[in-house]
Every structure is written in C-alpha cells, then in structure tokens.
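Report on the structure given below.
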Amino acid sequence: MRRIDIAYCADDNYVEYLAVSLISVSLNNLNNDVYFHLFLFNVSQKNLNMLSEIKANIIFYHIDNDVMRKYDQKFSIKHLNMSTYMRLIVPRMLHGKVNNFIYLDIDTLCFSDLSEINHVDITSHICAVSSDTPNDIDNKNTKRLGLKSNYYFNAGFLYINVNNWLDFDVENKINQLISEKGDSLIYYDQDALNKVLENHIVKLDHSWNYLYTWMDLDEKEKYFYSKSSIPKILHFTGGRKPWFKEHEGLSQNLFIFYKHLTPWKDTKLRSYSTRMKNSDNRVYCREAWHKKRYGTAIKFYLVYLKNKLKG
C-alpha cells in the first residue's frame, strides 16, 4: 500500500466539516495507507470523542492559545478563522515524522485516489500547488503583490516538502510579511504564501484543487456524466459553503452524501442568513430560476431588489 500523509487544521466550529472532508479522502483511498494529521485548536471533548469514532489512521495535535496568539484577529476575512493560519506551523510540527505531506482546507471533498501525488517531484522545491484561476493567469493579484510571473496559487491544497519548508524558514518569513504589510494583503496568508514561495513551487493541474466557483450551472448539472471531468479535489471557496442550508444544489448534495458517513450525520445544516450579502440573493435567484423553481427565484430577487433600493 502507498502511504499518503494528509494534514487538516480546525477549531471547534469547523471540526464537523473537517470530518466530512476526511471521510471523502478515506473512502476514495481504500487501497492506500493514509495517515490523517489533525491540528486542532480549542476543540471540545465532545467533538474530540466524535472524531475518534472515525475508523481511520488519525493522529491528533493540540495547538495551545500561545501558539495562535501571534496571529492577530485583524488579519482575518469574514468566512475565515484562525485555523486558516494554523497551516503555517504544520511543517514544523511534522518535522521528523514525515518528509512530504498534503495540506487540505476543510472545505474540500475528495473524489479520487491521491497516490499519484507520490510521483510529483518536490525534492528541489518547497511545495506543489494549483492555480487560483481556471486559465492559470492572474494579472490582478500578481501585480498587486509585485510577483514576477502572472501565476497565483490557491493555498487550500499544498503538497509540502517539510525539510525545504523549514530550511527556507517559510513560517517566520510569512509572519514577518503579515506583520509588516498585513493591511495591504487582501487574502493574508494566501497572499503571503504566494509572495514568499515565488520560484519555489511545482505547478499542478487543476484536478488537485478544482474551485467550485469555476463551474457554471450547466457544468454542475452534468458533473457526474463523465469520470474524466471529476477532479481529485473539489474546493468550495468563498462564503457560500455547502454546509449552509440555503446553498442548495450539487455542492450541498455532495457534502451531505459524505456527511451521512460521519458521526455528525444527524446534525442539521446551519443557516447562512446572518452572513448573507445582497449578492448572495442574486446568485440564489439565478440558480433557482435555472432549475425552474420560479417561486423561490422570485423570493430571492425581491429581497435582492429591496436591499438594492435601500442602498
């Protein structure tokens, strides 16, 4: 069996979603020897017990408050939390245990055998990554950061060489960059990773970190029609996560399928209502109309119009 090491980071609010992603990896890699390294911050005993019910090779790492205190809360985005920054310390904590590992955001689902990653050569690089844009060109973000190329990667999937990461002192360089220029970094640690790791990455194809926002409505309806079109990792970026009950459709159906196989199978989906922006109403209106759910579409449109008129 081929060994694969995968790291996740979460606090108590996101453990349930970590479990769903973990299960999706586990079920699609039954012929591999997968080890899950879970880096947890302020997780309740109840949720720890539930995680322990999962039949998989799970290793727990408990991060204390002092470690995370350096990441000031001002360096955050509305739908992100402190666990996003925990990925920066993972290589240091895995040093001596593994040589290479996959880091995954918890808002991901796996649909394929991942052992192919062992054939990606990162002996002379710090990590392998996948682009944040469907055409691999991002002039806006690269220009903003002063990058020499027009390639900007999404940090929700990282295949990391532990020794090279530590030798290059990535964690401290990113901390320094966030401290000095945090107010100019729109996506904070992702921006910082792109800046610090420039010229030290291997570029992977989109299947390793396919962003759900790239799919149009027709692509979502035909998602299962062709196996070749299904990515290894599907990443639900942005604020409209599949665990919110208002976000109906393909992403939620995929999420619920794996959720039923976790200890959280009986928990209800959360409401997105308190987080919704007016643009969300427009998106939900368009999707409902496309599915011929005209009553629902009109409801979202009226809310959108009302908020728009309010200014």
Please work out the C-alpha center-to-center distance from the stretch 194-232 to the stretch 256-311 and express it in whole Å.
24 Å
Shape call for the stretch 174-311 from the C-alpha gyration tensor, a ≥ b ≥ c root eigenvalues: rounded (a/c under 1.5), prolate (a/b greater than b/c) or oblate?
oblate
List, in the order given, every pair from K143/K245; K46/K241; K173/K259; K245/K277 whose Cα-Cα distance in the structure shown is over 27 Å.
K143/K245; K173/K259
State, to one decimal in nm, how far the label point of T274 lies from the label point of S149, with both points 7 Å from Cα in the Cβ direction.
4.2 nm
Would you mind working out the magnitude of the charge dipole of the stretch 130-268 relative to its Cα centre, with +1 at each Lys and Arg C-beta and -1 at each Asp and Glu C-beta, to the nearest 20 Debye?
300 debye
Under a Cβ-only charge scheme (Lys and Arg +1, Asp and Glu -1), can you give me the dipole magnitude of the chain about the Cα centre, in debye to the nearest 20?
1380 debye
Would you kindly derive the ³J(HN,Hα) couplings of the stretch 58-66 from the backbone phi angles with the Karplus curve 6.51 cos²θ - 1.76 cosθ + 1.60 (θ = phi - 60°), listing them in order in whole Hz, with x for Gly and Pro?
10, 10, 9, 10, 9, 9, 8, 4, 4
Computed lengthening from R92 to E180, 0.36 nm per intervening residue step minus Cα-Cα distance
29.4 nm
FRET efficiency estimate (nearest 0.05) - Cβ-Cβ, R286 to D12, R0 35 angstrom:
0.55
Formal net charge of residues neighbouring V162 (Cβ-Cβ distance under 11 Å; K, R +1; D, E -1)
0
Neighbourhood charge, 12 Å Cβ-Cβ cut-off, centred on Y187 and excluding it, Lys, Arg +1 and Asp, Glu -1:
-1
Please give every one of the aspartates and glutamates within straight-line cross-link reach of K220, meaning a C-alpha to C-alpha distance under 13 Å, and leave out same-chain neighbours fewer than 8 residues apart.
E248, E287
Nearest 0.05, what FRET efficiency do N307 and T267 give at R0 = 35 Å with Cβ-Cβ as r?
0.70
222 nm [θ] for the chain, helices only, -39500 (n - 2.57) per DSSP H run of 4+, per residue, to 500?
-10000 deg cm²/dmol
Assuming 0.36 nm per residue, please report the length gained on full extension of the stretch L217 to A56 beyond their Cα-Cα distance.
54.5 nm
Pseudo-spin-label distance K227 to K245, built 7 Å along Cα→Cβ, given in nm, is 3.8 nm
Net charge near H235, counting Lys/Arg +1 and Asp/Glu -1 over other residues with Cβ under 9 Å of its Cβ?
-2
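Where a number appears in this text, it was derived from the coordinates with a stated rule and is not lab data. Given the structure is predicted, the values throughout are model-derived calculations rather than measurements. Virtual Cβ from ideal backbone geometry, glycine too; neighbours counted across all protein chains shown.
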